[in-house]
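J.: Can you keep this structure in mind? I'll have questions shortly.
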Amino acid sequence: MERKEEMMAEVLELVEARALVRLRNLLCEQNPADVAEIIGELKDKEIPLVFRILPKDLAGDTFSYMESDDRELLIRSFSDVELREILDELWLDDTVDIIEEMPANVVTRILKNTDPAVRRQINELLKYPEDSAGSIMTVEYVSLRKDLTVAECFNKIRRESINKETVYNCYVTEKRKLIGIVSVKDLLMADMDAVVSDIMETNVISVEAYEDKEVVAQTFTKYGMLALPVVDKEGRIVGIVTVDDAMDVIEEEATEDIERMAAITSTDKPYLKTGVFSIWLTRIPWLLLLMLSATFTGIIISSFETALSVFPVLISFIPMLMGTGGNAGGQSSATVIRGMAVGEIELKDILKVLWKELRIALLCGVTLAVVGYLKIILIDNLLLNMNVSYSEMAVVSLTLVVTVFVAKLVGCSLPILAKAVKLDPAVMASPFITTIVDVLSLIVYFFIAMRILEI
């Protein structure tokens, strides 16, 4: 972190002094991702100036790492020649990602300055749904015929590698149908006269182009792959997804789940570059919904006003019971949502999950009830002189057991049921579950109080 701050300070000093040669030499020593981050910290008027001093290859790599706002600013400042030079340096899937982020007039200008053949490929990729494997794949891969020798394969790889995003895995095709895969390591270890069909792996793991990209990311995680072939319904290869794109999907899905679990509408922009008004718009609908849903809590408390007037000490335990129930439900929902996200839990596992969580709930509930009982005796009665009766202590302890039981049941089942009706399980996370459990815990509390205390 300290090194980054020193670098940023030096860059700002060189920009201010217009020492562009020294600045260029400094940036050329950095990783493109770091250069993109440095440029993102500059003022808008300085971004085009610094970007233009970068060598062509570094500029192309840096451009692919930049935030969408900075890329749009640069595109608007580029001449047609400059734009064509940058587009020529980008991989096709990066170009498609940029196009999907840009406004219509910028997209028109990008497409206008691309080669007709590339434009056709871009338009093909843009036809795939946003959340599909096809939307994140690249068509820049190495394909081989099964009758080629290893020597012929190396000649082909050398000729084509400059235009391919990755060459480590090569895909063996027959009439475009994917029939095998061979790695460069396999080729290096084989005799130069060996034929591809003798060394290729025929058990190829692939995904269909319309498969959800989250499934694609899970496939990478499961098999530890560097690239994953994408095929159509007839098994013909249409592209590959590389591991860097899979990592972007994992980060994107994790961010989306965290935002939904916190009752925040997802946004593509970084926090520091998102306006206050925009953030307000993403948060206020959920806050309003949760506030209005909490009205049920007030209604329940009001309906038991008579009981509370007879046993006013019961009021002091409401926050503890509601908080414990919400926390217990939140634990279960977070565990289940995470399990579903990584493929450990499926819809068919709902009964197994319920059985496990109910046993956990019993252990947690009994433990909390015993500790709660002792807490009332030692703290509430001895230190705070609240004079809680044994019957009231019994109400609180029993409510803790039942509340935790109900909270765990709700917390583990709602995400799975949400998945069953095609909703994102992350929506059924802490805010919603807490609200539901608050209502249920109060109902349980007053029901038990009425039975034990005979109100």
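The values are calculated or read from the model by the stated rules, or taken from the named source; none is laboratory data. On a predicted model such as this, the values are computed, not experimentally measured, just so you know. When we count neighbours, we look across all protein chains shown, and the Cβ atoms used for this are built from the backbone with ideal geometry, even at glycine.
J.: Only one of (1) outside any strand (DSSP E or B); (2) at pLDDT 90 or above; (3) closer than 17 Å to Ala227 by Cα fails for Val215. Which number is that?
T.: With respect to (1) outside any strand (DSSP E or B); (2) at pLDDT 90 or above; (3) closer than 17 Å to Ala227 by Cα, Val215 is out only on (2).
J.: Are there helices (runs of 4 or more DSSP H) fully within segment 82-128 with at least 2 residues that are of a type outside the set (Gly, Ala, Ser), more than 23 Å from Lys164 (Cβ to Cβ) and free of Cβ contacts under 8 Å to residues at least 24 places away in the same chain? List them.
T.: Correct list: 104-112.
J.: If a residue must be modelled with pLDDT of 90 or more and part of a loop (DSSP other than H, G, I, E, B), how many such residues does segment 161-199 contain?
T.: Going through segment 161-199 one residue at a time, the tally reaches 5.
J.: Of a type in the set (A, V, I, L, M), assigned to a helix (DSSP H, G or I) and exposed (fewer than 13 other Cβ atoms within 10 Å of the Cβ): which single residue out of Leu378, Leu362, Leu384, Leu414 fits that description?
T.: Result: Leu378 is the single residue among Leu378, Leu362, Leu384, Leu414 that is of a type in the set (A, V, I, L, M), assigned to a helix (DSSP H, G or I) and exposed (fewer than 13 other Cβ atoms within 10 Å of the Cβ).
Listed here are the residues, each with its yes/no results for (1) closer than 30 Å to Arg84 by Cβ; (2) surrounded by 16 or more Cβ atoms within 10 Å (Cβ to Cβ); (3) of a type in the set (Lys, Arg).
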| position | (1), (2), (3) |
| --- | --- |
| Asn113 | yes, yes, no |
| Leu126 | yes, no, no |
| Val139 | yes, yes, no |
| Asn155 | no, no, no |
| Arg159 | yes, no, yes |
| Val182 | no, yes, no |
| Leu187 | no, yes, no |
| Met192 | no, no, no |
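J.: Kindly provide the set of residues from segment 91-119 that are of a type in the set (A, V, I, L, M) and either touching a Phe, Trp or Tyr at 6+ places or on another chain (Cβ under 7 Å) or more than 17 Å from Ala33 (Cα to Cα) (or both), ordered by number.
T.: Leu92, Val96, Ile99, Met102, Ala104, Val106, Val107, Ile110, Leu111, Ala117, Val118
J.: Here are the criteria: (1) in contact (Cβ under 8 Å) with a residue 40 or more places away in the chain; (2) among the aliphatic types (A, V, I, L, M); (3) surrounded by 16 or more Cβ atoms within 10 Å (Cβ to Cβ); (4) part of a loop (DSSP other than H, G, I, E, B). Tell me which single one Met225 does not satisfy.
T.: (1)
J.: Hey, could you check segment 30-81 for residues that are β-branched (Val, Ile, Thr) and assigned to a helix (DSSP H, G or I) and say which is modelled with the lowest pLDDT?
T.: The extreme case among them is Val81.
J.: Inside segment 427-449, can you point out the residues that are small (Gly, Ala, Ser) and either modelled with pLDDT of 85 or more or in a helix (DSSP H, G or I) (or both)? Walk me through how you get there before you give the answer.
T.: Quick first cut of segment 427-449, residues small (Gly, Ala, Ser) only: 429-430, 441, 449.
Correct list: Ser430, Ser441, Ala449.
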